[in-house]
Amino acid sequence: MQILSDRGGHALAGGSVVFAEATDAANKNWLYRIDSAGVGSLVYSTTGSINGFNSFDASPHDNTNGFFYDATVTGGVTTSVSFYKVPIAGGLASLLYTDPSPGTATYQFVDSDGSHLIYTKQVFGTSVSMLTLGTGAAGSPSTLISSTTISLLNAFLDYASDHLFVNSITAGAPPSAAVYTPSSSTPIGGQGGAGKYFQGLNSLFSFGTSGPTKLLEFTGLTEGYPSFGLGSLFTMDASTFATVQVTQNGSNYVVPTGDQLFFFPASLTIGAGATIDSTNLASGVVIDVSKSQMITVVAPNTDVFPD
């Protein structure tokens, strides 16, 4: 994982930092910090296997720490999962929390706002939990939202506003959404609800270091996930929650029946993606979030995807 800037988009005072894994002949993992001068230092050696530093997206960091977890597997069974923080400025990794009974659970880091590390855990249901960060161990996690009937909870954090956007997904049913602050299990009133979906997971548009952060909100969803058919699409200010309906050719855009729709940021204000219809034919889409306008790129009998 390479860290080039702080969460405000400003270059690190000491230059960029890379955290890299190495594996020895005994299949043991070692974690190194490499500074901008190319000097490496060992910050952690595993008891199991390092998770979370495999890609930038899977490795959250705030302005102080990066995060990972160490899973110990005995006889094909995961016997413990320990969460660690490692200082970006240099120093050894330190333990935050050990899950004493992970079983067959799968974990996914969401993000850190500097005071909390947010992650999802899925086993016989799903949950979004957070660990309170401090100078030592974090203690036991607090559960923000949990369900044994929802197939999946996905979440993403807007760092600037400290708003946590959460989608509750059950295959074949319309999704629902809610907004939290990481310190509270009570959702923020008036936001989200049934038939809504925040898009999310790498689709926040930052408008630079001083402008508003925006995301996309689907509303009026009545078809079963992953279809967004018949839903309306809005741009939303992540801080104020102000919304503007997205238009196409001067008319309010409504997702066609049975279609799936996704975007990812191509620039600070432009998103690129695709709609996939019920026959699995894809059409390209481009959205200008600053103007809440989108266009569709169609080629007969041809899939069109952003490159």
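The values are calculated or read from the model by the stated rules, or taken from the named source; none is laboratory data. As the structure is a prediction and not an experimental result, all values here were calculated from the model. Positions of Cβ are generated from backbone atoms using ideal geometry, with glycine treated the same way; all protein chains shown enter the neighbour counts.
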Worksheet item: Residues of region 1-40 being more than 26 Å from Ser161 (Cβ to Cβ), loosely packed, with under 12 Cβ neighbours inside 10 Å and among the aliphatic types (A, V, I, L, M), which ones?
Response: Ala25, Ala26, Ala37, Val39
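Among the residues of region 251-269 satisfying the criterion of being at pLDDT 90 or above and of a type in the set (A, V, I, L, M, F, W, C), which is farthest from Leu221 (Cα to Cα)? It would help to see each step written out before you state the result.
First, pick out the residues of region 251-269 that are at pLDDT 90 or above: 251-261.
Now narrow it down to the ones that are of a type in the set (A, V, I, L, M, F, W, C): 254-255, 261.
Numbers: Val254: 10, Val255: 9, Leu261: 12 Å.
Here the answer is Leu261.
Take region 225-276 and flag every residue that is of a type in the set (Ser, Thr, Tyr) and assigned to a strand (DSSP E or B).
First pass over region 225-276, keeping only residues of a type in the set (Ser, Thr, Tyr): 225, 227, 232, 235, 239-240, 243, 247, 251, 253, 257, 267, 269, 275.
Passing the criteria: Ser232, Thr235, Thr243, Thr247, Ser251, Thr275.
Can you confirm whether region 85-107 contains a residue that is of a type outside the set (A, V, I, L, M, F, W, C), closer than 24 Å to Ile169 by Cβ and in contact (Cβ under 8 Å) with a residue 40 or more places away in the chain? Give the derivation first.
Just the residues of region 85-107 that are of a type outside the set (A, V, I, L, M, F, W, C), to begin with: 85, 87, 90-91, 94, 97-104, 106-107.
After this cut, where a residue has to be closer than 24 Å to Ile169 by Cβ as well, the list is 99, 102-104, 106-107.
Filter once more, keeping what is in contact (Cβ under 8 Å) with a residue 40 or more places away in the chain: 107.
Looking for residues that are of a type outside the set (A, V, I, L, M, F, W, C), closer than 24 Å to Ile169 by Cβ and in contact (Cβ under 8 Å) with a residue 40 or more places away in the chain, one finds at least one in region 85-107, hence yes.
Got a number for residues in region 260-293 being over 24 Å from the mean Cα position of the chain (by Cα) and surrounded by 15 or more Cβ atoms within 10 Å (Cβ to Cβ)? Outline the logic, then answer.
Initial filter on region 260-293 (over 24 Å from the mean Cα position of the chain (by Cα)): 277-283, 291, 293.
After this cut, where a residue has to be surrounded by 15 or more Cβ atoms within 10 Å (Cβ to Cβ) as well, the list is 277, 281-283, 293.
Within region 260-293, residues that are over 24 Å from the mean Cα position of the chain (by Cα) and surrounded by 15 or more Cβ atoms within 10 Å (Cβ to Cβ) number 5.
State all residues of region 285-302 that are over 21 Å from Ser251 (Cβ atoms) and either part of a strand (DSSP E or B) or in contact with a Ser or Thr (Cβ under 8 Å, 6 or more places away or on another chain) (or both); if no residue qualifies, say none.
Ala299, Thr302
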Worksheet item: Is there any pair with a first residue in region 178-200 that is without any contact (Cβ under 8 Å) to a residue 12 or more places away in the chain and over 16 Å from Ile145 (Cα atoms) and a second that is among the small types (Gly, Ala, Ser) and not in a strand (DSSP E or B) whose Cβ atoms are under 9 Å apart and which are 6 or more apart or on different chains, and what are they?
Response: none
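Here's a check for you: in region 93-110, which residue that is not in a strand (DSSP E or B) and not polar (S, T, N, Q) is farthest from His61 (Cα to Cα)? First the steps, then the outcome.
So in region 93-110, the residues not in a strand (DSSP E or B) come out as 93, 100-105.
This time we only want the ones that are not polar (S, T, N, Q), so: 93, 100, 102-103, 105.
Details: Ala93: 13, Pro100: 24, Pro102: 23, Gly103: 26, Ala105: 23 Å.
Per the stated criteria, the residue is Gly103.
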Practice prompt. Take the residues in region 185-203 that are exposed (fewer than 12 other Cβ atoms within 10 Å of the Cβ) and either basic (Lys, Arg) or closer than 22 Å to Met130 by Cβ (or both), then tell me which one is modelled with the lowest pLDDT.
Written response: Asn202
Item to complete: Please enumerate the residues belonging to region 204-223 that are at pLDDT 90 or above, of a type in the set (S, T, N, Q) and part of a loop (DSSP other than H, G, I, E, B).
Response: Thr222
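Condition check ((1) part of a loop (DSSP other than H, G, I, E, B); (2) closer than 20 Å to Lys196 by Cβ; (3) in contact (Cβ under 8 Å) with a residue 60 or more places away in the chain; (4) among the polar types (S, T, N, Q)) across all residues:
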residue: Val128; (1), (2), (3), (4): no, yes, no, no
residue: Gly139; (1), (2), (3), (4): yes, no, no, no
residue: Thr143; (1), (2), (3), (4): no, no, no, yes
residue: Ser146; (1), (2), (3), (4): no, yes, no, yes
residue: Ile150; (1), (2), (3), (4): yes, yes, no, no
residue: Leu157; (1), (2), (3), (4): no, yes, no, no
residue: Ser161; (1), (2), (3), (4): yes, yes, yes, yes
residue: Ser168; (1), (2), (3), (4): no, yes, no, yes
residue: Gly172; (1), (2), (3), (4): yes, yes, no, no
